[in-house]
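K.L.:
Handing you this structure, nothing more for now.
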Amino acid sequence: MDPATLLAFAVFIIVMTGTPGPGNLTFLAIGASAGYRTAFPVILASIVGAWPLKLSVAYGLGHVMAGGGTIVTVFKVLSMTYMTYLAWRIVSLSIKPKGEVALPSFWEGLLIHPLSPKTWAMNLVAFSTFLAGNGLGIHENALILLVGFSLGGLVFHSLWALVGVSILAVIGEGPMMRIITIVMAAGMLAATAWALLL
């Protein structure tokens, strides 16, 4: 992989993992509702949960997804259903009394990226644009895709969660925090719906 392509790939990862999407908005909301300590295991789970997606893109499933059909329709239904469930869980943290709602778990985090249309799109674009014709073998390219997005996700998902923590520190718990949490959950659903329509 030549240096110019590697730099372009790194910039692509920074932009894709750093911009709003269902995952980042989820981590922002968890950070704001329950703090970074609660968000971090969910962030780790989301990164681990994305590994099968990245490997499947690298080893051929990306071509199947790009072709459309029944599998894509099923994916869209599952994606919107799970993101709606996640949005409700996040809102519940702020509208119900403390201790009445379980905090988001590592296991729930595993499904964030596999069911995120933004994650699928960015991995398909990254692989086809930067890796498919770079002269390296499929295993090397799969590893580059996996490591690159995992590092980007760890950094930027954490930053989004810490922004949420900062919001909580400034505003505190109360009606304004509940409104912000609801808006973030709605934004997560809107980002998912928008990505599914593209």
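K.L.:
On the given criteria, is Met65 outside any helix (DSSP H, G or I) and modelled with pLDDT under 85?
P.N.:
When the stated conditions are applied, Met65 does not pass them.
K.L.:
Which one of these is among the hydrophobic types (A, V, I, L, M, F, W, C) and either within 16 Å of Met188 (Cβ to Cβ) or assigned to a helix (DSSP H, G or I) (or both): Met80, Met1?
P.N.:
One residue alone meets the criteria, Met80.
The values are calculated or read from the model by the stated rules, or taken from the named source; none is laboratory data. All of these numbers come straight from a predicted model, not from anything done at the bench. Cβ sites come from the backbone with ideal geometry, for glycine too, and all protein chains shown count toward neighbours.
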